[in-house]
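Read the structure below first, then the notes.
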Amino acid sequence: ALESSYADGQHASAQINVYERGEKIMDFSGKVAVVTGGANGIGRAVSLGFAHRGARVVVVDRDAEAGAAVAAEIGSAAIFHQADVTQSGDVLGYVEAALNAFGAIDCFHNNAGIEGRVAPTAEYDEAVFDAVMAVNVKGAFLGLRHVLPVMIRQQRGAVVNTASIAGLVGTAGMPAYVASKHAVIGMTKVAAGEVGPLGIRVNAICPGPITTRMVQDIAKQVSPNNPEGVEERYAALIPLRRYGTAEEVANLVLFLCSDLASNITGAQYVVDGGRTAAPVGVS
Ligand code: NAD
């Protein structure tokens, strides 16, 4: 039945029959991927994942040392471009660098983000609020603002914005971060509606706690004397009873950028070990 539904070839350009072309699924040969926040954590895993599956990769980050190391690990299929995503000149810079080096932007992982401080809203520092909004909201906006025109010219492309489960539910003590990630989901829906008619897809991912520097920093803020204890307590609220890895998030990003996700746009996907679905039980 599945084969016959694809047999007329009517939708062949948009759809991939995984049974016929199994070995080709999530193959990014000939594609160019740009990953912001690509030097560390989730962005690093996504950069390596794209390269492993045949893409040429532009690693974008303000952390020059770690960013250059990721590009070196990939080799000639990658370049590192240093940029602060809050500065439109820097964003134009990484777009130009991608086009100069590889001639196109097929996949864009709009991922750079910061967590800010952990403090209640009633005590939250205004400057920290502005800093979180600058990276997580304005940085994501500027990425869309300057990458979408390239994709519109190309008439193709896929974008994944990194939101968070903090874009779906509140977390006491993280007002700026939660607000910023709700905004990322909002921008995702708007952009998806705008560029959908051209076949360009825009989705958001919502990771739960993932074992990167960011989560370690939050744990140190919450419990400076026993950061490991924070992970233990929090993991107990997750159905899978553990934090996720950056590679597990990368798998979702690659899927959403691939042709397997050809009918998926304007959506937000949770990758959180079940944290938001069933945080507490009664038995
Ligand atoms: P990370 O700190 O390991 O990586 C973030 C990267 O972004 C770093 O390389 C950093 O240098 C870069 N960056 C920060 N500000 C920048 C700026 N202004 N310009 C350019 N680069 C900048 O953390 P991560 O966990 O890999 O975070 C990646 C994304 O995933 C973030 O958007 C974060 O909010 C999101 N996220 C993380 C988790 C988690 O549990 N780790 C959960 C949900 C969402």
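Quick notes on this one:
- Taking the stretch 80-219 and dividing mean pair separation by its residue count, relative contact order in percent (alpha carbons under 8 Å, at least six apart): 27
- Hydrodynamic analysis of the stretch 89-243 uses the Kirkwood radius over alpha carbon pairs. Inserted into Stokes-Einstein at 25 °C and 0.890 mPa s, it gives a translational diffusion coefficient of 145 µm²/s.
- With R₀ set to 35 Å, the beta-carbon distance separating Leu92 from Ser223 gives a calculated FRET efficiency near 0.25.
- Here each label is just a point 7 Å from Cα along the line to Cβ, and for Asp63 and Ser283 those points are 4.2 nm apart.
- FRET efficiency for Asp84 and Arg156, using Cβ-Cβ distance with R0 set to 41 Å, rounded to 0.05: 0.90
- Semi-axes of the equivalent ellipsoid for the chain, computed as √(5λ) from the eigenvalues of its C-alpha gyration tensor and ordered from largest down, come to 31, 23, 18 Å.
- Shape category assigned to the stretch 125-164 from the gyration tensor of Cα positions, a/c cut at 1.5: oblate
- Calculated FRET efficiency for the pair Thr171/Leu260, C-beta based, R₀ 41 Å, to 0.05: 0.80
- Peptides 121-131, 152-162 ordered by packing proxy, namely the average of other Cβ atoms within 10 Å per residue, highest first: 152-162, 121-131.
- Residue-span extension gain [Arg233 to Glu73] - 0.36 nm each, minus C-alpha spacing: 54.1 nm
Throughout, read-outs are computed from the coordinates displayed, never taken from laboratory work. Just so we're clear, the structure is a prediction, and the values are computed from it rather than from any experiment. When we count neighbours, we look across all protein chains shown, and the Cβ atoms used for this are built from the backbone with ideal geometry, even at glycine.
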